[in-house]
1. Here is a list: B:L95, B:L115. Which entry is among the aliphatic types (A, V, I, L, M), without any contact (Cβ under 8 Å) to a residue 60 or more places away in the chain and farther than 13 Å from B:R82 by Cα?
2. Looking at segment B:33-41, is at least one residue more than 30 Å from B:C13 (Cα to Cα), open to solvent by less than 40 Å² (accessible area, probe 1.4 Å) and modelled with pLDDT of 95 or more?
3. Do we have C:V85 as more than 25 Å from B:G19 (Cα to Cα) and either more than 14 Å from the chain's Cα centre (by Cα) or open to solvent by 20 Å² or more (accessible area, probe 1.4 Å) (or both) here?
4. For residues that are away from chain B (no Cβ under 11 Å), under 24 Å from D:Y137 (Cβ atoms) and touching a helix residue (DSSP H, G or I) at 6+ places or on another chain (Cβ under 8 Å), tally how many sit in segment D:6-28.
5. Look through segment C:61-82, keep the residues that are of a type in the set (D, E, K, R) and touching a strand residue (DSSP E or B) at 6+ places or on another chain (Cβ under 7 Å), and return whichever of them is surrounded by the fewest Cβ atoms within 10 Å (Cβ to Cβ).
6. Can you spot a residue in segment A:92-102 that is open to solvent by less than 60 Å² (accessible area, probe 1.4 Å), modelled with pLDDT of 95 or more, touching a Lys or Arg at 6+ places or on another chain (Cβ under 6 Å) and not basic (K, R)?
7. Among the numbered criteria (1) within 9 Å of another protein chain (Cβ to nearest Cβ); (2) among the hydrophobic types (A, V, I, L, M, F, W, C); (3) in contact with a Gly (Cβ under 7 Å, 6 or more places away or on another chain); (4) over 24 Å from D:V20 (Cβ atoms), which one does A:F46 miss?
8. Suppose we filter C:T79, C:T105, C:T109 for residues that are farther than 25 Å from B:P45 by Cα, modelled with pLDDT of 95 or more and touching an Asp or Glu at 6+ places or on another chain (Cβ under 7 Å); which single one remains?
Number of protein chains: 4
Amino acid sequence: MKYHETLLQVRFCEVDAYGVVWHGHYISWFEAGRNELTERFHMGPFQLKEMNLLAPVVELTCQFKLPATFGDSVVIQTTMERTEVAKLIFYYRVLHKENGKVLATGSTTHVLTDLKGTLLYRVPPDVLEKIEAMRQYLEV
Amino acid sequence: MKYHETLLQVRFCEVDAYGVVWHGHYISWFEAGRNELTERFHMGPFQLKEMNLLAPVVELTCQFKLPATFGDSVVIQTTMERTEVAKLIFYYRVLHKENGKVLATGSTTHVLTDLKGTLLYRVPPDVLEKIEAMRQYLEV
Amino acid sequence: MKYHETLLQVRFCEVDAYGVVWHGHYISWFEAGRNELTERFHMGPFQLKEMNLLAPVVELTCQFKLPATFGDSVVIQTTMERTEVAKLIFYYRVLHKENGKVLATGSTTHVLTDLKGTLLYRVPPDVLEKIEAMRQYLEV
Amino acid sequence: MKYHETLLQVRFCEVDAYGVVWHGHYISWFEAGRNELTERFHMGPFQLKEMNLLAPVVELTCQFKLPATFGDSVVIQTTMERTEVAKLIFYYRVLHKENGKVLATGSTTHVLTDLKGTLLYRVPPDVLEKIEAMRQYLEV
């Protein structure tokens, strides 16, 4: 299994009154990592929409290990799980760039729907191909 | 001149590493005040869109007087200026609810466009009526 | 078991390119609900800090059921779980105010630490009293 | 006059219900540009604090020219104005990376205060040196 890596600089406005990154901002970092990965395979949110598809998040988990703060650079590692249905599960690790320590881990579960939000009965073959290409890249 | 008033509680995630509300969040407070006002007159962002109109912000100013922090309640006072063209200018004051002190003032300037972003040559009569009703409410 | 209820208006800036509230913003709603509850029992983030305590989030889960959008009012229901250690677990439900439908559920797990982030060996008696009062209020 | 340049990718969560970057997010982009510049000269927010100084924003302006959206890369150009008092004024331009068009311009005015927020009567010589070095770098 491989991770796609995205580098981010912590922004001052992401740091809270305790001097550490506010926990909710990790969700936007997960998304930045996921979108950079999926766009490579024409599965980004706007690319999906052009195919009349949406991939809304239905479940989100995050485990916080160590704080990050302003001035830190972080690496978002993103990978995915092989599933049999119209569902995509992404896994994330946030690492401190300098010392390599794991700051947080997490996951997002997405379902594939049409533009009205109806769950796909069957994933279209061209989408399956894109998912397969992403899996090969990630070796999962 | 009258102000429309909107009450907000400062959220913990709006406070920055200096222990005060991060300056950029005042923009969302201005917007909350403006939308509560404009929606009353069927001029909210989604209501405009139903009339095939947009009112994008083209200019923004904000003057910061005193800090707010978590636990504070703030009152957003919103009013507007009478203009002759397809332009709307809103003015804001953010007050500390308990002591009435002015924390910030500001303005946003909006133009009226069609859904493609083309500036309106003439404001439709039904929109002018809504603006006029809002002006009478605000006594401007 | 009872829920503490917090009413929020969806802000325009919380709605994403798909026309629904961006999933990450639910984390700030959970926090708004939790803080309104904990502050009643002198366990809010700033109140804890005055007692030389922090309660950082170590785990977060969220399940998204139905979308919310601009113009909606939502009710955040917050409750907690009885635990034996220096750990607090809060549970949330986000309801659409008008139709009562459940939009999302979730949880946050917090540990009690000193200001240096060291896990408390024992919860101070005055903090235990506050937690006990909160439990009685919530009937858990 | 030179500009310090900072490259940013537009995040999906920065795009609003109209499909363009929500106007308030430009404030965080200005800040990202300013902090990258000031940190080079040991004048970043955390570096100032170590010198018992703060540089709160007292005024903010932004002019929006063209929309940005998800998938765009933007360049934040930051420069400053020479002032004689304990005040710093930064100017910003946001450019679309691919086509070089100006998306927005703006400014933030900061005052130098001690940690209690009292305006500095005189700027300490070592801070003046840092400001002078930043001016030389920017040729202002």
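1. Unique residue meeting the criteria: B:L95.
2. yes
3. Judged against the criteria, C:V85 is a match.
4. Qualifying residue count for the region: 2.
5. C:K65
6. yes
7. Going through the list (1) within 9 Å of another protein chain (Cβ to nearest Cβ); (2) among the hydrophobic types (A, V, I, L, M, F, W, C); (3) in contact with a Gly (Cβ under 7 Å, 6 or more places away or on another chain); (4) over 24 Å from D:V20 (Cβ atoms), A:F46 breaks only (4).
8. Testing whether each residue is farther than 25 Å from B:P45 by Cα, modelled with pLDDT of 95 or more and touching an Asp or Glu at 6+ places or on another chain (Cβ under 7 Å) leaves just C:T109.
The values are calculated or read from the model by the stated rules, or taken from the named source; none is laboratory data. The model shown is predicted, which means the values in this text are computed figures rather than measured ones. Methodologically, a virtual Cβ is constructed for each residue, glycine included, from the backbone with ideal geometry; neighbour enumeration extends over all protein chains shown. All accessible areas refer to the heavy atoms of the entire protein, side chains included, with ligands and DNA or RNA removed. Shrake-Rupley method; radii C 1.70, N 1.55, O 1.52, S 1.80 Å.
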